[in-house]
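One structure below.
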Amino acid sequence: EEDSSVLARCEKISRSLRDALGPSSVKGDRWCETEAAGSTLVNHADLARACGEIGHSLKSYQLVGINFLLLLKRSNIPGAILADEMGLGKTAQTISFLGLL
């Protein structure tokens, strides 16, 4: 019973995030960087104003990660996991996200 309650809550959160991001033309559950550009909450200029010049040097995929964290925050979803290959800037994304708060 408790398991089904947790799964139902996760499904509700998933639907909410998918609604916020809009439809995807990518088959499967992946969300591509190009489509994420239409769901941007902040851009490089916003990051530069909040965090200094480092905001201009972040890669576009890092900007997607920051926007993902902001979407979770604005949706009152209390946690996230950034998962990627080593050396792709998860720490920079997290610090930039915190700088925007």
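The values are calculated or read from the model by the stated rules, or taken from the named source; none is laboratory data. Computed from a predicted structure; not experimentally measured. Heads up, the Cβs are rebuilt from the backbone with ideal geometry, glycines too, and the neighbour counts pull from every protein chain shown.
Structure data summary
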quantity: Subset tally (residues that are polar (S, T, N, Q), at pLDDT below 70 and surrounded by fewer than 11 Cβ atoms within 10 Å (Cβ to Cβ)) for region 1-33; calculated: 1
quantity: Matching residues, region 68-101, being β-branched (Val, Ile, Thr), over 17 Å from residue 57 (Cα atoms) and not in a loop (DSSP other than H, G, I, E, B); calculated: none
quantity: Verdict on residue 47 being in contact (Cβ under 8 Å) with a residue 40 or more places away in the chain and not basic (Lys, Arg); calculated: yes
quantity: Residue count for region 55-90, restricted to those that are modelled with pLDDT under 85 and either surrounded by 15 or more Cβ atoms within 10 Å (Cβ to Cβ) or not small (Gly, Ala, Ser) (or both); calculated: 9
